[in-house]
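Have a look at the structure below, then the notes.
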Amino acid sequence: MEVLKSILQIITGLSGVMVAMLSILLLVQLRWPAPFLWILKLLVAALSPLFVLIGVLAAIVGVATGSNLIAWIGIYNILIFCLHLFMVTRPPRISINFERAFGRDWENAIDPGQRPYFLSSPAILKLPAVPAPRLIPNITYASIPGTGRNLLCDIWQPSKNIAPSGLAFIYLHGSAWYLLDKDTGTRPLFKHLAAQGHVIMDVAYRLAPEADMMEMVNDVKRAIGWLKENCEKYAVRPDRIVLGGGSAGGHLALLAAYTANDPMFTPRELDEKDLSVCGVISLYGPADLKAMYFHTNQHLTTRPVQGKPKRTAPAQMPGWLKKRMGKSYHRLGFDKGLKDAGALAPLLGGHPDECPETYILFSPDSHIHQGCPPTLLIQGGQDIMAPVSATRLLYRRLVKAKVPVILHVIPQADHAFDLILPVVSPSAHTAFYDIERFLALQASSYTKNPEARSGNKESDQLNKLRKETL
């Protein structure tokens with residue numbers, strides 16, 4: 001019996017100590033380059049409910065076996081991870097939330113048909129099961145003039161027993177403008193949104209070095225133009241398209257949305273086309289590229305600075321991880337190496353002091369005007385890549401321009417928090433909670449306006465498609 005007691009103490013004690021050490025990552029702001037610690041921090045945050053249970057087990061074992069040390073380790077883990085859960089799942093303060101942007105009655109503006117698969121709260125243990133959506137992969141949405149290069153997307157449609165909402169969400173994946181691809185870690189979100197009747201267009205835009213920043217924005221505009229031309233096919237209203245994305249995708253979404261009909265940012269074949277969207281969502285997209293340049297220490301990793309040690313950014317993925325990824329290693333572009341991933345100098349043609357006007361041109365906060373669409377900004381409070389201060393400044397400028405905008409800075413969350421184990425991640429659930437309500441508001445806005453419905457041919461077509469779908 002004593003042997004079993006000792007074994008139990010050793011196992012729970014070591015587990016408790018390990019979890020307690022990992023909890024330190026939630027309390028620190030990492031600075032790039034620190035790729036291993038960053039990924040580990042994302043995993044710790046996603047698994048925080050499990051670590052609460054480990055703390056409970058350690059506390060029980062400590063009390064039952066008379067080990068005060070193990071009991072106190074367990075209590076520490078319970079407290080630190082419960083505090084984390086509380087912080088990441090609480091709503092933003094009133095001054096920057098939905099009520100501030102859309103009024104006190106904003107929830108009543110949402111069509112009841114949108115609500116059945118809403119998250120009841122961000123504080124849930126796992127995403128609920130939803131009807132399986134219909135996925136059509138690898139659809140060509142554009143061909144680059146003069147090159148024969150086809151651009152692909154995946155279309156996610158609601159299950160046939162779910163009424164279309166009439167809204168489409170164009171999603172741009174994170175990439176550091178250099179890596180990754182569509183369909184990377186986003187399936188739980190897309191399934192969840194499709195269950196609410198939305199159509200999701202998951203876009204694979206061109207990346208560096210194949211494309212420069214302007215060409216990436218042009219690809220986003222091509223996606224908007226293609227979807228507007230195919231709205232009837234997918235039971236979508238052309239005026240109910242929301243653009244969004246994560247990281248570099250969030251940056252491109254903001255830039256494309258705020259320059260909707262700016263000829264400078266529009267490919268020639270789409271001149272005089274309406275490329276506006278009814279809303280835009282940025283998940284930790286950088287709002288100010290110069291601020292990101294210094295936040296990610298690119299002044300130390302991409303050029304020598306007298307009197308300061310040069311930092312070494314990762315150039316290649318570890319061999320074991322490369323082997324584990326298999327074919328995805330090439331599909332996601334890791335065979336290009338990591339040297340230029342997220343590096344702004346080679347992408348923009350120089351450092352901020354060499355071409356300041358280019359950094360300004362491609363920063364979303366330089367294109368704010370009263371005609372910007374309603375905006376949802378979600379970011380981790382400890383973002384290692386995109387500076388939170390720049391996102392807060394973007395928010396204040398949008399408010400000044402009288403653009404409906406929501407800002408949710410999630411404490412102790414880091415860059416890409418929504419892509420790591422999103423089915424169980426509390427911070428991912430918080431982002432999903434905000435996104436689904438923002439999209440529902442955009443989908444329902446026309447239904448609250450009788451004039452927009454009466455005599456509207458597009459609405460009649462949509463209602464016909466809904467009936468056919470059901």
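Where a number appears in this text, it was derived from the coordinates with a stated rule and is not lab data. On a predicted model such as this, the values are computed, not experimentally measured, just so you know. Cβ coordinates were reconstructed from backbone atoms using ideal geometry, including for glycine residues, and neighbour counts include every protein chain displayed.
Okay, here's what the table says:
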| item | result |
| --- | --- |
| Kirkwood-based Rg to Rh ratio, the chain, C-alpha trace | 1.00 |
| Ranked by how many other beta carbons lie within 10 Å on average, peptides 155-164, 380-389 from highest | 380-389, 155-164 |
| Principal axes of the range 297-341: Cα extent on each, largest first, Å | 43, 17, 11 |
| Extension reserve of the ASN261-TYR329 stretch, reckoned as 0.36 nm per residue once the Cα distance is removed | 20.8 nm |
| Computed helical MRE - 222 nm, the chain, DSSP H runs ≥ 4 contributing -39500 (n - 2.57), nearest 500 | -12500 deg cm²/dmol |
| Rg/Rh (Cα only; Kirkwood hydrodynamic radius) as it applies to the range 202-318 | 1.09 |
| On Cα atoms only, tilt of 426-444 relative to the major axis of the chain in degrees | 20 degrees |
| Kirkwood Rh in Å, taken over the range 2-89 so that all alpha-carbon pairs contribute | 13.4 Å |
| Dipole magnitude of the chain about its Cα centre (Cβ charges: Lys, Arg +1; Asp, Glu -1), debye to nearest 20 | 720 debye |
| FRET E, pair LEU152, SER389, Förster distance 41 Å, beta-carbon r, rounded to 0.05 | 0.70 |
| Dipole of the chain, positive end: most advanced residue of LEU37, PHE265, ILE7 [Cβ charges, Cα centre] | ILE7 |
| Local electrostatic count, SER363, Cβ distance below 13 Å [Lys/Arg +1, Asp/Glu -1] | -1 |
| Peptides 189-195, 331-337 ordered by average Cβ neighbours within 10 Å, highest first | 189-195, 331-337 |
| Computed over the range 269-337: relative contact order in percent, which uses C-alpha pairs under 8 Å that are six or more apart | 16 percent |
| Inter-label distance for ILE24 and GLU272, nm, one decimal - labels placed 7 Å from Cα along Cα-to-Cβ | 6.5 nm |
| Set LYS126/LYS160; LYS191/LYS322; LYS233/LYS322; LYS126/LYS182; LYS290/LYS400 screened for pairs whose C-alpha atoms are more than 31 Å apart | LYS233/LYS322 |
| Cut-off under 5 Å, modelled amide H: who pairs with ILE410 long-range | GLN379, GLY380, GLY381 |
| Stretch gain in nm, segment LEU421-ASP105, where the contour uses 0.36 nm per residue and the Cα spacing is subtracted | 110.4 nm |
| Rg over Rh, two decimals, the range 231-287 (C-alpha only, Kirkwood Rh) | 1.01 |
| Label-point gap, in nm, between LEU14 and LEU79 - each point 7 angstrom along Cα→Cβ | 2.7 nm |
| Length gained when the stretch ARG303-ALA401 is fully extended (0.36 nm per residue, less Cα-Cα span) | 31.6 nm |
| Computed over the chain: relative contact order in percent, which uses C-alpha pairs under 8 Å that are six or more apart | 20 percent |
| Stokes-Einstein D for the range 130-222, Kirkwood Rh over Cα pairs, 25 °C, 0.890 mPa s (µm²/s) | 176 µm²/s |
| Simple spin-label estimate for LEU321 and SER121 in nanometres, 7 Å along Cα-Cβ | 3.6 nm |
